[in-house]
Amino acid sequence: MNSSVMTNIDKLIYLFDICNKFNDQNRKNNHFQRLIIFLILGLPFLVKAQVSQNLAVNLACVVPSSMSYTVNSAFYCTGLPIAPNILTYNGTAATSYNINPDLPDGLNFDISNGTISGTPTASVSGNYTVTIINPCGFTAKTIYISVSTGTNYYADSDGDGYGTGVASVSCTGQPAGTSTNDTDCAPSDSTKWRTALLFTDADSDGYDNGMPRVNVCYGASIPSGYLISYIGADCDDTNPKINPNAVEIMGNGKDDNCDGQIDEVMSTTKLSSGSCGVTLANLSNTLFANQIAGAQGYRFEVTNNNRVSTYDATSNQFNLLNLSPGVSYSSTNTHNTVRVAAKLGGYWRAYGQTCSVTTPPVPNSTSISNPACGTVLTNIWNTIFCYNIPGATAYRFRVKQGSTLVGTFDSPVNNFNLVNLGAASLSFGVTYTIDVLLQMYGTWLPDSDYGTPCNIITPPTPGVSRVTSPSCGSSTNNLWTSIFILPVVGAQGYKFVLNNGVQSREIISTSTQFSIHDIPGGPMPGTNYTIRIDVLYNNSYVPGREICTLNILPTATRLTRADSDLSDVKLFPNPFEDHFELQITEEVLDPIYIYVYDMLGREMQNLTVSNNNDHNIHIGQNYPSGVYQVVMKQSDQVKTIRMIKR
């Protein structure tokens, strides 16, 4: 049969005959016959419907376009859940979503809608490509994600530098009113922040009451009535004059030295005849006591006016310089009474007879020697000297403006400068009155002994600044080189004036540093720049007098980041009492330069970390209490942290 002219009925009959033949072989195939008939009659209609449907779909299908996330450049912090970053786009619904490379640890990519969510746990940054696909095609978008290491901060409601409670995480610096530790035992009391097991010493004589230690919350120092170390138990914790280190007092009916005996009679001693009743030529003259057989030590008690000082020696000799506090002095001879006790059987026995010892007269004042009184300082940092006095152990410089006290500064040597008082307390073009008080052999003379006042005038404007690092005339191959300048007391700001012979550029800042990358228009490789520092004072700039030259090499580029990162550098504790530690957790390949400045801009210390053996460094042991700026530099990175010493 010619299938090209067969009607649907012909096709049906033809196939029905075939089915009958199959039926003859197997009557059970009648269901198969019905299926064939249905397919023959319905196939043209099904094919037509499917073609129509596909045509309709193809006409409505649109390739995805205009892809965008809620945040296309996202900056996250480890340990903090992120707000879901939702994908939007135009076009026919996507059938699949994928991202390459994998997201940072802790972040999730929803393959059903492209949403990014989760809590990042690793510090990493990079580009990520998101692709969406539908029946008509696909499109892709690159987004940027940066995750920084977060720091735990704890609420510090009393402002003592110690926190407590549940940590909050921040990657953008320390929030106000927080601390990096959670050790505060008294969150509402700024005088207490740490705990320790202490011994009870009710009479504060240095000996405990014999009971077990108790847990105490305290602050900067051990509170009165407690001890941190054990030196022995007190036999009477209600009387500070009775303890194992006290001298027995004869005839008072008490066991003063806790040896278990009352008013025990033992051998006594006193100053020898060559030391008793003498006038000393010098405070270092040695005084001797009569020796006692078997004595384990000698206690010398000196009464100077109304002050009593003692000195314990293992031998039978001492001098007045051994005393703390020391004896007092005047321009006339001063009389002291001395008595001696001996230590026998581990306990101090009664004092012997008293002796008189006279100290020599000493000068009771000094005054400014240089610069001359009435002088105008050329720089507020100029050193001011007073006359040196033999025997003086310190000098107290007192500065007044009229009758108003500006401040005092104690110096172990006979000089100081006005900046020692603190920049905030000083003015320019002002007359100050300076007088000096002596500390003789460890004891300050009375305020009535301040020397003759002297007038000193401060300069009319602050001093000038200059480039301190890198050295002038040097070259750099790094377009992110940081330039450091000399801080100026009283400066309100700085203007960095740069000239390359063709153009002049200015950078205005309150900081004492800038990066050559900040040059307006960008730095030019293969160019010599001159740098001048103008100082802002009284709302106008004082032009700098020193010109520094810096050569940017033709090959200069932005250097690649070092394997170690300044975010890996930790400074703790903050505040600190004795010192703080600088800790680096990653390998150091590029050197890290560290500079410490006080709040007057003076450099306290600088050091370089250049290998893996310097990862724990102690800084600040000899610093006075105050606030310090720690500046760290590595390649193109600069990090500044403020540290506080109690």
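The values are calculated or read from the model by the stated rules, or taken from the named source; none is laboratory data. Small disclaimer: the values here were computed from a predicted structure and weren't measured. Heads up, the Cβs are rebuilt from the backbone with ideal geometry, glycines too, and the neighbour counts pull from every protein chain shown. To get the accessible areas, we keep the full protein, side chains included, count just its heavy atoms, and leave off ligands, DNA and RNA. Shrake-Rupley method; radii C 1.70, N 1.55, O 1.52, S 1.80 Å.
Structure notes:
- Maximal additional length on extending the Thr358-Met211 stretch stands at 48.3 nm, based on 0.36 nm per residue less the C-alpha distance.
- Restricting attention to the stretch 131-245, close to 95% of DSSP beta bridges with both partner residues there are antiparallel.
- Computing FRET efficiency as 1/(1 + (r/R0)^6) for Glu506 and Asn379, where r is the C-beta to C-beta distance and R0 is 35 Å, gives about 0.85.
- One Cα centroid belongs to the stretch 141-184, the other to the stretch 491-524; the line between them spans 34 Å.
- As a length-normalised measure over Cα pairs under 8 Å and 6 or more apart, the relative contact order of the stretch 280-363 settles at 34 percent.
- Tensor-based shape of the stretch 216-367 (alpha-carbon gyration tensor, a/c under 1.5 rounded, otherwise prolate or oblate): oblate
- Selected from Gly493, His579, Gly294, residue furthest toward positive end of dipole (the chain; charges at beta carbon): Gly493
- Computed [θ] at 222 nm, deg cm²/dmol, the chain (DSSP H ≥ 4; -39,500 (n - 2.57); rounded to nearest 500): -2500 deg cm²/dmol
- Extreme residue, positive dipole direction of the chain, given options Ser68, Cys136, Leu271 (C-beta unit charges): Cys136
- Percentage relative contact order, the stretch 103-184, counting C-alpha pairs under 8 Å, at least six apart: 21 percent
- Spin-label pair Phe428/Asn606, simplified geometry with 7 Å Cα→Cβ offset, distance in nm: 2.5 nm
- Extension gain, His579 back to Ser224 (0.36 nm per residue minus Cα-Cα distance, nm): 125.3 nm
- Selected from Leu550, Leu445, Ser284, residue furthest toward positive end of dipole (the chain; charges at beta carbon): Leu550
- For the pair Val278 and Ile249, label points projected 7 Å from Cα toward Cβ lie 3.1 nm apart.
- Between the stretch 368-414 and the stretch 77-104, the Cα center-to-center distance that results, in Å: 68 Å
- Relative contact order computed over the stretch 147-208 (Cα-Cα under 8 Å; 6+ residues apart), in percent: 29 percent
- Cβ-placed point charges (K, R +1; D, E -1), dipole of the stretch 75-220 about Cα centre in debye, nearest 20: 920 debye
- Label selected from (i) 1.21; (ii) 1.42; (iii) 1.68, the criterion being Cα Rg over 2.2 N^0.38 Å as computed here: (iii)
- Gyration tensor (alpha-carbon) shape descriptor, the stretch 291-424, a/c threshold 1.5: prolate
- For the chain, the dipole from Cβ point charges (+1 on Lys and Arg, -1 on Asp and Glu) about the Cα centre works out to 2160 debye, to the nearest 20.
- When the listed pairs Lys141/Lys570; Lys192/Lys343; Lys495/Lys633; Lys241/Lys270 are checked against a 31 Å cut-off, the alpha-carbon distance exceeds it for Lys141/Lys570; Lys192/Lys343.
- Ala93-Ser188 FRET efficiency (beta carbon distance; Förster radius 60 Å; 0.05 resolution): 0.55
- Tilt relative to the chain, helix 8-25 - C-alpha long axis, 0 to 90 degrees, to 10: 80 degrees
- Net charge, Val596 excluded, C-beta distance under 14 Å - Lys, Arg +1, Asp, Glu -1: +2
- Point-to-point label distance, Asp110-Thr393, nm (Cα→Cβ direction, 7 Å offset): 7.5 nm
- For the chain, the share of accessible area belonging to carbon and sulfur comes to 52 percent (1.4 Å probe, ligands and nucleic acids excluded).
- Listed peptides 478-490, 571-583 by packing density, highest first (mean Cβ within 10 Å): 478-490, 571-583
- Cut-off 17 Å (backbone N to label point 7 Å along Cα→Cβ of Asn333), residues of the stretch 260-282: 274-282
- Per residue, in Å², the accessible surface of the chain once ligands and nucleic acids are set aside, probe 1.4 Å: 52 Å²
- Inter-part distance where the stretch 273-328 and the stretch 191-221 are each reduced to a Cα centre, Å: 34 Å
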